[in-house]
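Nothing in this text is a laboratory measurement; each read-out follows from the coordinates by a stated rule. Everything quoted here is computed from the prediction, not taken from an experiment. Here the Cβ positions follow ideal geometry from the backbone for every residue, glycine too, while neighbour counts run over all protein chains shown.
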Amino acid sequence: MDETRLKPRADTLPKVARPRLHKVILLNDDFTPRDFVVMILKAEFRMDEGAAHQVMLTAHRRGACVVAVFTRDVAETKATRATDMARSKGYPLLFTTEPEE
């Protein structure tokens, strides 16, 4: 009787792709006070005073500035919460997201 023996196969784990990252972008406007922008950056993005001030100034000078990079869900949540904080105080400040290249 011919008996075929199979070698046990090593289990291989499937490769899991890393989630695509998204940038949170602060868009400058001419109405929101600088101190309020710094306060939002500190509150929502956990920046210290110096980093928040630098991001605010960069957005002011260039029109926009990347605040941070997160997975898509986190980026969208933070951008929405930061924008909503500004809107609740009557400011047109806007945070958006876009995929990182």
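Annotations for the structure displayed:
- Single unsatisfied condition, H60 versus (1) surrounded by 15 or more Cβ atoms within 10 Å (Cβ to Cβ); (2) at positive phi: (2)
- Among the residues of region 30-73, those that are without any contact (Cβ under 8 Å) to a residue 12 or more places away in the chain, out of contact with any strand residue (DSSP E or B) (no Cβ under 8 Å at 6 or more places or on another chain), under 28 Å from P19 (Cβ atoms) and not in a loop (DSSP other than H, G, I, E, B) comprise K42, A51, Q54, D73.
- Residue within region 76-94 that is hydroxyl-bearing (S, T, Y) and over 16 Å from the mean Cα position of the chain (by Cα) present: yes
- Residue list for region 42-53, restricted to those being surrounded by 15 or more Cβ atoms within 10 Å (Cβ to Cβ) and either out of contact with any Asp or Glu (no Cβ under 8 Å at 6 or more places or on another chain) or within 13 Å of L94 (Cα to Cα) (or both): E44, F45, M47, A51, A52, H53
- Single residue of L13, L26 found to be hydrophobic (A, V, I, L, M, F, W, C) and in a loop (DSSP other than H, G, I, E, B): L13
- Selected residue [of a type outside the set (K, R) and either crowded, with 16+ Cβ neighbours inside 10 Å or not in a helix (DSSP H, G or I) (or both)] from T83, T77: T83
- The single condition among (1) surrounded by 18 or more Cβ atoms within 10 Å (Cβ to Cβ); (2) of a type outside the set (K, R); (3) under 12 Å from F95 (Cα atoms) that L27 does not satisfy is (1).
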